[in-house]
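Laboratory data are not the source of any read-out in this text; all were calculated from the coordinates shown. A quick note: this is a predicted structure, and the numbers were derived from the prediction, not measured. Every residue, glycine as well, gets a Cβ built from its backbone with ideal geometry; the counts of neighbours run over all protein chains shown.
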Amino acid sequence: MFFDSHKILDQVSQKLRLHIEKNEKICIAVSGGVDSLFLALAIFSYFEVNRLAINECHIVIIDHKLRANSTRQALETEGVLRKYGFENVTVLTWKHAHIETGIEEQARKARYDLLHDFCENNSIYKLFLAHHLDDQIETFFMNVFRGSGTIGLGCMLEKHDKDGIFHIRPLLEIRKHQIIKFMQENNVYWMEDESNKDDKFTRNKIRMILDSIGMDDINASRIGNTIFSIQGVNSMIFSDINDILSSENIIKTSDKITIETRFFNSLHIQRKIYLIFQIYKEFRLANKPRFEQISDLINIIANITQDHKIVRKIFLSDLNIAISDNEISFSS
């Protein structure tokens with residue numbers, strides 16, 4: 001069906017084979033840009049080659065209503081997808097008042113909220129996203145500048161459980177230029193998002209810097225391998241942290257986690273950081289503290305006075321934290 005001179009579909013199919021099962025409904029997030037349209041077509045090709053039912057594949061397009069032509073572009077994207085044979089295409093609209101600041105973050109949150117609601121309402125547990133290696137590298141450097149620590153430098157995982165919906169990114173080893181080449185070879189029309197050139201957005205600034213340096217495939221692959229190695233280290237430490245959370249030094253209830261202060265202070269600094277991060281995940285909070293906030297909290301705990309009567313109370317990123325020389329409690 002498609003001309004594929006660089007065998008990019010074979011590369012993506014190897015990933016899809018790990019994540020798609022027969023008679024399983026999936027959702028693909030499509031913006032109309034080149035990356036997500038390519039992902040949709042790669043999955044369509046995979047369904048055809050493996051004789052899977054295309055009606056199990058649901059496409060969701062988000063109309064963010066941030067540009068005057070956003071609705072027209074969403075409907076044009078729907079038309080392109082239906083032309084290629086997709087049966088279940090849904091356009092969802094983000095309804096909002098005028099936004100002055102924090103547009104990137106608010107739009108991202110709204111997008112994932114709409115996608116998750118759609119998946120939950122349709123009993124879909126796998127959401128496919130079109131982030132590729134260039135996106136991953138941009139995220140890496142964004143997190144470097146944010147001081148995100150090793151947790152943030154792990155960037156995006158290929159498969160990640162987000163509140164019961166698996167986010168799956170099968171393109172993380174694919175370069176953007178490979179995607180564009182494939183789409184051009186097959187005369188596929190896609191939309192260009194004008195906001196991708198707006199240097200008021202942090203990601204775009206990073207992209208412009210990387211473009212000015214020049215990122216060949218060898219260097220991109222090296223950075224990708226570095227990120228993958230960090231992910232492996234993170235996975236190993238979080239496994240250790242889960243053992244710690246199950247130990248007798250920690251008491252867990254539905255709305256509270258209590259840790260012995262002496263035990264916490266005996267841990268390696270990195271275990272302390274990962275433990276606090278994991279506690280926020282246990283409460284399923286979208287608002288998590290930044291790396292420097294976690295470091296400040298660790299310093300407060302280390303310097304708490306040895307007086308049972310003194311309790312330091314902190315509210316940090318939607319959690320109430322009470323610290324004494326005897327115990328530390330986290331509650332929602």
Legend entry - Relative contact order, percent, the chain [alpha-carbon distance under 8 Å, six or more residues apart]: 15
Legend entry - Whole-number D in µm² s⁻¹ for segment 93-225, Kirkwood Cα-pair radius fed into Stokes-Einstein, 37 °C, 0.692 mPa s: 195
Legend entry - Per-residue Cβ neighbour rank within 10 angstrom, fewest leading, Val34, Val188: Val188, Val34
Legend entry - Within the chain, helix-based [θ] at 222 nm, where runs of 4 or more DSSP H residues each add -39,500 (n - 2.57), nearest 500: -15500 deg cm²/dmol
Inset, instruction - Can you tell me the order of 108-114, 45-51 when each peptide is scored by its average per-residue count of other Cβ atoms within 10 angstrom, highest first? - result: 108-114, 45-51
Legend entry - Listed pairs Lys22/Lys252; Lys109/Lys281; Lys281/Lys309 exceeding 27 Å between Cα atoms: Lys22/Lys252; Lys281/Lys309
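Express as a percent, rounded to the nearest 5, the fraction of DSSP beta bridges in the chain (both residues included) that run antiparallel.
If we restrict to bridges inside the chain, about 55 percent are antiparallel.
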Legend entry - By average C-beta atoms within 10 angstrom, highest first, the peptides 248-258, 319-329: 319-329, 248-258
Inset, instruction - Run the dipole for segment 8-216 about the Cα centre, Lys and Arg Cβ at +1, Asp and Glu Cβ at -1, nothing else charged, and hand back the magnitude in debye, nearest 20. - result: 60
Legend entry - Relative packing of 81-94, 265-278, which averages over residues the other C-beta atoms within 10 Å, highest first: 265-278, 81-94
Legend entry - Efficiency of FRET between Ala302 and Asp243 - r from beta-carbon atoms, R0 25 angstrom, step 0.05: 0.65
Legend entry - Cα centroid of segment 116-165 to Cα centroid of segment 206-235, whole Å: 16
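Which value, in nm² and rounded to one decimal, describes the direction-averaged projected area of the C-alpha convex hull of segment 42-130?
6.4
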Inset, instruction - Only Lys, Arg, Asp and Glu count, each charged at its Cβ (+1, +1, -1, -1), so figure out the dipole size of segment 247-331 about its Cα centre, rounded to 20 debye. - result: 180
Legend entry - Whole-number percent relative contact order across segment 178-332, with pairs defined as alpha carbons under 8 Å at least 6 apart: 19
Inset, instruction - Sticking with the crude label model, points 7 Å out along Cα→Cβ, report the distance from Asp113 to Ile54 in nm, one decimal please. - result: 3.4
Legend entry - Distant alpha-carbon pairs in segment 247-331 (separation over 18 angstrom), percent: 36
Legend entry - Nearest-20 debye value, segment 45-100 charge dipole, Cβ charges on Lys, Arg, Asp, Glu: 140
Legend entry - Angle in degrees between helix 133-146 and the longest Cα principal axis of the chain, rounded to the nearest 10: 30
Legend entry - Of Ala107, Met1, Tyr125, farthest towards positive along the dipole that unit charges on Lys, Arg, Asp, Glu beta carbons give the chain: Ala107
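Dividing the alpha-carbon Rg of the chain by 2.2 N^0.38 Å yields what?
Normalised by 2.2 N^0.38 Å, the Cα Rg of the chain equals 1.12.
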